[in-house]
Structure formats: structure tokens, C-alpha cells
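The next block holds one structure in the form of C-alpha cells; read it before the comments.
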Amino acid sequence: MNPFFDPQANSEDTVSKRLYAPATARNRDFILDVLKAHHPGHGTLLEIASGSGEHAAHMAHHFDGAHWQPSDIEPEKINSIDAWRADSGTDALLPAIRFDAVADDMAALDFPAPLTAVMAVNLIHIAPWAVAEALIAKAASTLETDGVVFLYGPYKRNGVHTSPSNESFDQSLKSRDARWGVRDLEAVTDLACAAGFKEPTIVEMPANNLSVIFRKN
């Protein structure tokens, strides 16, 4: 059972395959405000690890001048994304695709318009470091010039947790998988700058999270 989705709300009935992530309702509007300020307003946004699909369904209609491409690696999540898409009321939200940030070729994806944004919410701390490395490298080689990578989640700053709750969360993640954990913001920044991105814009978010936006040179 995935610990980041509500087990009582995940049951499938004859009407819907939608999953529910409890954190989504709490963070989606804050994330949307930041994304509006930095989204290029055109092209295609690739959301990696879209999860339940709730963020995509809530946000995509705010970017009618662009396409929103949700993705995940788990069939259950892909089904949920498409179920949320069916009720989203916008053509901007595309059918979900299977995409593995490490194994798959981002440049080979068939986008309806050039790739101008890559988004990952609550991903790089719930995945091996190789996922962050692959995401940044592939975005750098695929994004249009001036395209953006938008990352959201908890971070350490200068090697220090920003709150006791983040430190506890980090320990919990590592107990599940030693390859997981809250990332050092400086390590992620070094990775992105080495790949050809500018220094990030950092926005403090509720619940001790950060929005980190890298723009391609």
C-alpha cells in the first residue's frame, strides 16, 4: 500500500478509478500560484510522477495556452489520472502516459508542442538520487531555451533541516528505503547549474516546503 495516498479513499467503484492524495487539497493552490508566475504560458508542460492526477486536473485549465502532459510509472496511477482528466473540463490536459524518469527518453516523447516546462511535485525525496540526476539531465537536453524545471517538496539548506518535522520525515523516508531522503538544496542546485540551468528561484511554501524553479540558459 502506498503510504502517500489515503487508503480509505482509494477504493475503486464502478464509476471512478480516481485516487486521492490527502496533501493535494492542502498544497495545490499555493503551488498553482507559483507555477502561474513562472510557467512560460505556451508549449507543453511534462508533469513527472503525477500520482493521483489531482494536481493536473486542478491546474491544467489555468494554462489554456499550453498543453499539460501528466505521467506516471504505475498503471493504477495512470488510470486515476485519466479518471480525473475526464472530469477536468479542459482540453489542455492530455491523456496520461507511462514515463520512467531514469529509463525512458524524454526527447522521444511525442508532445503536441515544444517542451517548455517540466514539473515534479514531491518526487525527488521519495526516489533514489538517480531520479533527480536523470530528470535534470533529460530536461536540460529536451527543454526549449528559457524553459523551466519546477520542483516542489522539502529540502535541507546548507545540510540542515529547516524544521523538526522535516527531519522526522527524512528519517521516516530512509527507514522505508535507504536511497530516499530529503535532499540538500545546494546539491540539487549544483546538479542543475552543471546541466545548463540558471541559479534557481526559491519560494518558501507552507508546511516547510519549497518551490524551486530552474530556468534553462
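The values are calculated or read from the model by the stated rules, or taken from the named source; none is laboratory data. None of the values given here were measured: they were computed from a predicted structure. As a convention, Cβ positions derive from the backbone with ideal geometry for all residues, glycine included, and neighbour counts pool all protein chains shown. Ligands, DNA and RNA are stripped out before the accessible areas are found, and what is left, the full protein with its side chains, is counted by its heavy atoms. Shrake-Rupley method; radii C 1.70, N 1.55, O 1.52, S 1.80 Å.
For the structure I just gave you, tell me whether ILE202 is closer than 26 Å to GLY41 by Cβ, open to solvent by 40 Å² or more (accessible area, probe 1.4 Å) and modelled with pLDDT of 95 or more. First the steps, then the outcome.
Details: closer than 26 Å to GLY41 by Cβ: yes; open to solvent by 40 Å² or more (accessible area, probe 1.4 Å): yes; modelled with pLDDT of 95 or more: yes.
Criteria met by ILE202.
Of everything in region 132-163, what is β-branched (Val, Ile, Thr), surrounded by fewer than 21 Cβ atoms within 10 Å (Cβ to Cβ) and more than 16 Å from THR44 (Cβ to Cβ)? Give them in sequence order.
We begin by selecting, within region 132-163, every residue β-branched (Val, Ile, Thr); these are 136, 142, 145, 148-149, 160, 162.
Cutting the leftovers down to surrounded by fewer than 21 Cβ atoms within 10 Å (Cβ to Cβ) gives us 142, 145, 160, 162.
Once the filter is applied, which keeps residues that are β-branched (Val, Ile, Thr), surrounded by fewer than 21 Cβ atoms within 10 Å (Cβ to Cβ) and more than 16 Å from THR44 (Cβ to Cβ), region 132-163 yields VAL160, THR162.
Could you check GLU186 against (1) in a helix (DSSP H, G or I); (2) of a type in the set (D, E, K, R); (3) free of Cβ contacts under 8 Å to residues at least 12 places away in the same chain and say which number it fails?
All conditions are met except number (3).
Being modelled with pLDDT of 95 or more, in a helix (DSSP H, G or I) and of a type in the set (Phe, Trp, Tyr) is the filter here, so list the residues in region 49-107 that pass it.
Result: TRP84, single match.
Specify which of the listed residues (ASN217, ASN166) is more than 19 Å from GLU47 (Cβ to Cβ) and at pLDDT below 95. Write out each step before concluding.
On the way: ASN166 fails: at pLDDT below 95.
Just a single option satisfies the conditions, and that option is ASN217.
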